[in-house]
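What follows is a single structure, written as structure tokens, with notes after it.
The values are calculated or read from the model by the stated rules, or taken from the named source; none is laboratory data. Every value quoted in this text rests on a predicted model; they were computed, and no experiment measured them. Here the Cβ is made from the backbone with ideal geometry for all residues, glycine too, and neighbour counts use every protein chain on show. In case anyone asks, the SASA skips ligands and DNA or RNA and just uses the protein heavy atoms, side chains included. Shrake-Rupley method; radii C 1.70, N 1.55, O 1.52, S 1.80 Å.
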Amino acid sequence: MSLSRLLAAFFLFISFLGFAATKSDVDDDKFVAWVQKRVQEAQPTKAERKFDQVGWAKDVLDAERLAKIHNRPVFLFTHDGRVNWGRC
Amino acid sequence: MYGSNEDVAASGSATAAEKAERQRIYRTYLDRKLGVGDVHIYILTPNGEPLGGMSVGEATVNDTNLLNMLNGVVKKLGSAPGEPVVSPGPQSVAPDSPADSLVLHLSARGATRGTNYRMFPAENWIVLDKQEWTGLLPAGEAKMSETWTLGKDLASKLLIKFYPQTVEITAGVERGRIDRQNLKLTVTSIRDGVVRARFDGTLRMKHGSVAQNEDFFVDAVVTGFLEFDSGTRTIQRLRLVTRKATYRDEEFLAALRSVPRSAR
């Protein structure tokens, strides 16, 4: 094998290694993007966060205190679990 | 105001005064035969006297029952419209935790949407202290393609809430029983001092939605990634999602993500 062919083969090999590393990085970044998309799909949407649009008192005593100040009725919702987490 | 019955139970976290007031309201409705329930809506005067009430079943069977009752109360009292007396804000928030802890947020939703228990996803907050999250990292300097398996306790803490929306009676009680789990990390890139490792794992977990003895199982294949600074050995991002998962034959999606302190 001539020196020029040897060098050509060497640079071809090097460029292949470089391509392989780049492809691996691209695949890794594509995987990360796919995971991020899955994470996003699982999140509550704005429409599913309507619960947050209500001004909730911290407990019933606080609700009654505010009701007296503002002369408003109290809305009390009792439940099991954690309704604010969707685990109820 | 909304409140969990667990908080006002004898062993609950509410103050004695709060427990007494909730009990008084319940007894008042019960004694006057106005209708009571664990999952129930009570409408009270500013002095805490009954104005109305409705079971959750009646309130959610259509879009009008609850609205009609509330409009009736407003008409009866002559209440004027006004701004909320408490500022609205996020109701699912990260718990207080030490500055060096790793706070994770989980969101899970079944494939069926828009039905009872499927109106919005379920959420949980998981906090790992420094000693725990250090267990996510390799023992020494990370090398490309290096693989390590997470310890049982740490993997369990990450995976135990991987189930969709279910009926929860006592959210503070763990009803999951992990029968099989495997969670490993493999380094896939090292760039500018940041190591990225890929999660791969499986989970089989018994999870009773109401009673402990229900034979309902989660079967899941999970994946994701972890990024950490190789110099400071601090975690930058964690993402762990179901690739394929079922609970009681229903497919579901669960996603666990780290929440930086600035976003809490």
Check: In the stretch B:35-61, how many residues are out of contact with any helix residue (DSSP H, G or I) (no Cβ under 8 Å at 6 or more places or on another chain), surrounded by 13 or more Cβ atoms within 10 Å (Cβ to Cβ) and in a loop (DSSP other than H, G, I, E, B)?
Finding: 0
Checklist line | Every residue from the stretch B:110-133 that is surrounded by 14 or more Cβ atoms within 10 Å (Cβ to Cβ) and more than 17 Å from the chain's Cα centre (by Cα) | finding: B:T112, B:E132, B:W133
Next item on the list: Residue by residue through the stretch A:20-56, note down the ones that are facing chain B (nearest Cβ under 7 Å) and among the aliphatic types (A, V, I, L, M).
Entry: A:V32, A:V35, A:V39, A:A42, A:V54
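Condition check ((1) in contact (Cβ under 8 Å) with a residue 60 or more places away in the chain; (2) outside the structural domain of B:R113 (by TED's automatic domain parsing); (3) over 22 Å from the mean Cα position of the chain (by Cα)) across all residues:
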{"residue": "B:R175", "(1), (2), (3)": "no, no, no"}
{"residue": "B:I178", "(1), (2), (3)": "no, no, no"}
{"residue": "B:K184", "(1), (2), (3)": "no, no, yes"}
{"residue": "B:D192", "(1), (2), (3)": "no, no, yes"}
{"residue": "B:R233", "(1), (2), (3)": "yes, no, yes"}
{"residue": "B:S258", "(1), (2), (3)": "yes, no, no"}
Item checked: Residues being part of a loop (DSSP other than H, G, I, E, B) and touching an Asp or Glu at 6+ places or on another chain (Cβ under 6 Å) - total across the stretch B:110-130 -> 2
Check: Restricting attention to the stretch B:160-177, does a residue exist that is away from chain A (no Cβ under 14 Å) and open to solvent by less than 50 Å² (accessible area, probe 1.4 Å)?
Finding: no
Next item on the list: Those residues that are more than 21 Å from B:I41 (Cα to Cα), of a type in the set (S, T, N, Q) and more than 7 Å from chain A (Cβ to nearest Cβ), I need them from the stretch B:66-98; list them, please.
Entry: B:S97
